[in-house]
Amino acid sequence: MSYPTPQEDQKGFGASLGKIIATAVAILGLITGFIAFRTAVLSNDTEKLKNAQTKTDKNVQSNQQETEDLSKRVNQIGDSEKAAKFLSGTWRGTYRCSKGLIGMELIVYIVDSQSLRATFNFFPVASNPGVPRGSVAKKGTYNSSSFSMQGDYWIEHPSGYFMSKETASFDSSGPESLEGQIEGCKNFAIKKVSAETRPPAP
């Protein structure tokens, strides 16, 4: 009977240890590969979740913006209707120009949500009886707080008079009065006397 020498035992142990290490390395490689795979999967899932969240956030922001825009349009429509109701009608008062104080009548006719037409009548007043009568067809635009109009054609044209431009700001929630500027003259001041309205005479 023969027994392995210590040198042979050492070789056998070394070979076994080598196998164990190789197996451990292989298992460790598998574990590392699995961890890397799972990490990649989780990273991919995380990226998908981030993209989905980003898309959701963008949709929410877009919906909020659309809601705000719609709310603004609704408010603008409401303000436009309120302004149209405020302006539409017959206004009377006076304005000052180079010929002194002159009587003024403005009949405002609303065309649509932005456009208006008007008949601008001027006439003498007690303190200035020498002023002739005249009438001008006007066209212009308005918004929730102001209007601008200019001459379109003469209905009754006295000699020495020219068509002018009128502008004014107003508060449709306030009293039915208007103060504005007549181009080439001084300010005008008029008050609403009735809801009667009509387009200018042809």
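No lab work stands behind these numbers, since they all come straight from the coordinates. Keep in mind that this is a model prediction, so the values were computed, not measured. Cβ sites come from the backbone with ideal geometry, for glycine too, and all protein chains shown count toward neighbours.
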Residue-ordered couplings for segment 124-133, obtained by feeding phi - 60° into the Karplus form 6.51 cos²θ - 1.76 cosθ + 1.60 and rounding to whole Hz (Gly and Pro as x), are x, 10, 4, 7, 8, x, x, 6, x, 8
Check: in segment 88-194 the Lys pairs 8 or more apart or on separate chains whose Cα atoms fall under 16 Å apart number 4
Long-range amide H partners of PHE170, meaning residues 5 or more apart or on another chain whose placed amide H is closer than 5 Å, are SER146
The answer for GLU176, listing residues at least 5 apart or on another chain whose modeled amide H is closer than 5 Å to its amide H, is none
Rounded to one decimal in nm, the spacing of the 7 Å Cα→Cβ label points at GLN65 and GLN114 is 2.3
Placing each pseudo-label 7 Å from Cα in the direction of the beta carbon, LYS191 and SER148 end up separated by a distance in nanometres of 3.0
Calculating Rg/Rh (Cα atoms, Kirkwood Rh) from this structure picks out, from [x] 1.24; [y] 1.03; [z] 1.84, entry [z]
The summed charge of the SER177 Cβ neighbourhood (under 9 Å; Lys/Arg +1, Asp/Glu -1) stands at 0
Between VAL131 and residues 5 or more places away or on another chain, the pairs with built amide H atoms under 5 Å apart involve VAL125
Listed by chain and number, the lysines with an alpha carbon less than 25 angstrom from that of LYS58, same-chain partners under 8 positions apart left out, are LYS48, LYS50, LYS72
